[in-house]
Amino acid sequence: MSDFPLVVLASGRGSNLQAIIDAVNSGQLPAEVKAVISDKKDAKALNIAREGGIDAFWVDPKGYGDKAGYEQALMELIGNYCPRVLVLAGFMRVLSPRFVRRMECPIINIHPSLLPAFAGLDPHQKTLDGGVRYSGCTVHFVDEGVDTGPIIMQRVVPVYQTDDAEALSDRILKEEHILFPEVLKWLALGLVKREGRKVVIENEEGLSYEQESVDQSFG
Ligand code: GRF
């Protein structure tokens, strides 16, 4: 039994959740996904959780009078599992500053761009429209803004002129599936320290975490 319980919030297909579960099951990530909560009844992430024997909940936002009531229900449910980290893996709702302040554990999120560029909705299309040559993904602590919290780690991919949003998304998603479990491992091992806006990863040079060259070939 791991002493690093996680609760995951997810709204959609759950590929990052799957990557986290796989990392736990393979022994790469010394943590345990205790519960998965979704705002969408038919989220694939809920099926992934159930298939993995993980508690899965649909908490319907329409079942509460307002956002505060909904978030209160979320907080109580999450609190039952005493997570060490609350993981946002494609959770498509903005959590209120009150929720963020009151959550007793850190909240982390993954975003498919190199933050602070292209925060918020439609990051892939914004990336293409922005004309940048490199993009990637970012895992960050959640603060009271949208995708504005301290950055823990990023991975980089090239952006090709022939890309559409789907091609870019597919390329970035592969890196997300490496990055998210790895960052959770560092958190579980107590290697991550917040120093204001900066995040320091202890013994970073000693970690076997490398990304192959992302140089573009235009040949
Ligand atoms: C990912 O691209 C993630 O970066 C973003 O939402 C998407 C979730 O995908 N926050 P999945 O549900 O994990 O497959």
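Amide H contacts under 5 Å for Gly14: Ala45, restricted to partners 5 or more places along the chain or on a different chain, H placed in the peptide plane at 1.01 Å from N. The lysines within cross-link reach of Lys41, meaning a Cα-to-Cα straight distance under 16 Å and a gap of 8 or more places when in the same chain, are Lys62.
Since only Val85, Gly12, Ser96 are under comparison, the one whose Cα sits farthest along the positive direction of the charge dipole of the chain, derived from C-beta charges on Lys, Arg, Asp and Glu, is Ser96.
Computed over neighbours whose Cβ is under 10 Å from that of Val139, the net charge equals -1, Lys and Arg +1, Asp and Glu -1. With a threshold of 28 Å on the Cα-Cα distance, the over-threshold entries among Lys44/Lys67; Lys40/Lys126; Lys44/Lys193; Lys67/Lys185 are Lys44/Lys193; Lys67/Lys185.
Over the chain, dividing the summed -39,500 (n - 2.57) contributions of all DSSP H runs of at least 4 residues by the number of residues returns a 222 nm mean residue ellipticity of -10000 deg cm²/dmol.
Sorting the segments 7-14, 104-111, 163-170 by their mean number of nearby beta carbons within 10 angstrom, highest to lowest, gives 7-14, 104-111, 163-170.
For the chain, the solvent-accessible area of protein heavy atoms averages 51 Å² per residue (probe radius 1.4 Å; ligands and nucleic acids excluded).
A simple rule links phi to the HN-Hα coupling: the Karplus curve 6.51 cos²θ - 1.76 cosθ + 1.60 with θ = phi - 60°, which for segment 38-52 gives 10, 8, 10, 4, 9, 4, 4, 4, 5, 5, 4, 4, 4, 4, x Hz, with x for Gly and Pro. For the Cα trace of segment 5-212, dividing Rg by the Kirkwood Rh returns an Rg/Rh value of 0.95.
For segment 104-118, putting each phi into the Karplus relation 6.51 cos²θ - 1.76 cosθ + 1.60 with θ = phi - 60° gives couplings of 7, 10, x, 10, 10, 9, 10, 10, x, 7, 8, 4, x, 6, 6 Hz, in residue order, rounded to whole numbers and with x for Gly and Pro.
For the chain, the carbon plus sulfur part of the accessible surface works out to 50%, probe radius 1.4 Å.
The values are calculated or read from the model by the stated rules, or taken from the named source; none is laboratory data. Just so it is clear, the model here is predicted, and its values are computed rather than measured. Note that each Cβ is placed from the backbone with ideal geometry, even for glycine, and that neighbours are counted across all protein chains shown. Surface accessibility is based on the protein's heavy atoms, side chains included, excluding ligands, DNA and RNA. Shrake-Rupley method; radii C 1.70, N 1.55, O 1.52, S 1.80 Å.
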